[in-house]
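Written out below as structure tokens is the structure these notes cover.
The values are calculated or read from the model by the stated rules, or taken from the named source; none is laboratory data. All values derive from a computational prediction rather than experimental measurement. Neighbour counts run over all protein chains shown; Cβ positions are idealised from the backbone, glycine included. Heads up: the accessible areas ignore ligands, DNA and RNA and are worked out on the full protein's heavy atoms, side chains in. Shrake-Rupley method; radii C 1.70, N 1.55, O 1.52, S 1.80 Å.
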Amino acid sequence: MLPEATALRLEACDVDDTTAQITLRVQSTQTNAPCPLCATPARRLHSDYGRTLADLPWAQYRVYLQLRGRKWFCHHRSCPRCIFTERLPTVAAPWARRTLRLAQRLIALGVALGGKAGGRLGRAWDLVVSRNTVLRLLRQQPAPSFPTPTVLGVDDFALRKRQTYGTVLIDLARRPPVALLPDRTADTVAQWLREHPGVQVIARDRSQAYAEGARQGAPAATQVADRCHLLQNLREALDQVFRTHSQALEAVNALVHQATRAAV
């Protein structure tokens, strides 16, 4: 029922059927708290304070925790934090207005669906959240770390079509994108490759900027054309052949058509 039964004690439970809301009045059960700056355990209370946290809904009821937290004296003489509020890392982050498990649910929605779709599905699950909140939670997450790919895909993408472009780098062996670069210049690509040594194969388009960036940043890597651009090159070559020999192809089609009619 509670986010962390060992750290919280339920004092009262209020159910309001009119507003479809459940309010849980809880109290922290910690007998001491470490100072967030010096980590010295504090045992002397200063005061308490109220804090309201949104939690996961129960069916169609919204749930809120009215938490009575406490403030403590830090006894370490050299610590600049004389008074601090206790931390409940398994319940909620400092200054957060929602519980940790609710924030994790919203982050999972954002990772899977993005802002608008995640907010829409969240409201269907009685998680009242806007798309901006979902995106803000995603931006607050630390960037995932990826090992340097041995086979790297390099391509551009439009931040604003026909005006502003960036570069996306993809680990072609594992498939996830590993970096987004702010532009598509040779210097930016070369700098990323120098900072991440170990790339053995670079699959890119026909951009001279990417070719030069790969030569500067990873001179030992093999540069190849990816499948998409190979097919694009083939299509353009066939278009040129068909346009160049259009009269001959039309003559061949006419002969084939006449031979078919004669056979019938």
Next item on the list: Name the long-range amide H neighbours of Gln223: under 5 Å, sequence gap of 5 or more, or other chain; modelled H, no Pro or chain starts.
Entry: Ile202
Check: Taking only protein heavy atoms and a 1.4 Å probe, what accessible area per residue, in Å², does the stretch 170-226 have with all protein chains in place?
Finding: 57 Å²
Next item on the list: Heavy atoms only, probe 1.4 Å: what % of the accessible area of the stretch 148-238 goes to carbon and sulfur, would you let me know?
Entry: 53 percent
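Between Ala143 and Ala108, what FRET efficiency follows from the Cβ-Cβ distance if R0 is 22 Å, with the result rounded to 0.05? Don't skip to the end; give the middle numbers.
Details: r = 17 Å, r/R0 = 0.78.
In this case the efficiency is close to 0.80.
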Notebook entry, point to check: For the stretch 11-166, what does the alpha-carbon gyration tensor say about shape, rounded, prolate or oblate, given a ≥ b ≥ c as the root eigenvalues, a/c under 1.5 as rounded, and a/b over b/c as prolate?
Noted result: oblate
Next item on the list: Give the long-range amide H neighbours of Ala33: residues separated by 5 or more places, or on another chain, with amide H under 5 Å away, using H modelled in the peptide plane at 1.01 Å from N.
Entry: Ala42
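Please sort by residue number the chymotrypsin sites (Phe, Trp or Tyr not before Pro) in the stretch 53-138 whose DSSP state is loop and whose Cβ has at most 11 other Cβ atoms within 10 Å. Walk me through the numbers on the way to the answer.
Working: sites: Trp58, Tyr61, Tyr64, Trp72, Phe73, Phe84, Trp95, Trp125; in loops: Trp95, Trp125.
The qualifying sites are Trp95.
In Å, the Kirkwood hydrodynamic radius of the stretch 117-264 over pairs of distinct alpha carbons?
Numbers: mean 1/r = 0.0516 Å⁻¹.
Computed over the stretch 117-264, the radius equals 19.4 Å.
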Next item on the list: Using Rg/Rh (Cα atoms, Kirkwood Rh) as the read-out, say which of (i) 1.17; (ii) 1.25; (iii) 1.22 was calculated from these coordinates.
Entry: (ii)
Next item on the list: List the residues whose amide H sits under 5 Å from the amide H of Asp48, counting only those 5 or more places along or on another chain, with H placed 1.01 Å from N in the peptide plane.
Entry: Lys71
Margin query: Taking C-beta distances below 4.7 angstrom as the pairing criterion, name the unpartnered cysteines of the chain, in sequence order.
Written below: Cys13, Cys82, Cys228
Checklist line | Angle in degrees between helix 246-263 and the longest Cα principal axis of the chain, rounded to the nearest 10 | finding: 70 degrees
Checklist line | Phi-based couplings in Hz for the stretch 223-230 (Karplus 6.51, -1.76, 1.60; Gly and Pro marked x) | finding: 9, 9, 8, 6, 4, 4, 6, 4
Next item on the list: May I ask you to give the solvent-accessible area per residue for the stretch 2-54, in square angstrom, as obtained with a 1.4 angstrom probe?
Entry: 58 Å²
Margin query: Modelling each spin label as a point 7 Å along the Cα-to-Cβ direction, I'd like the Arg70/Phe242 distance in nm, to one decimal.
Written below: 8.0 nm
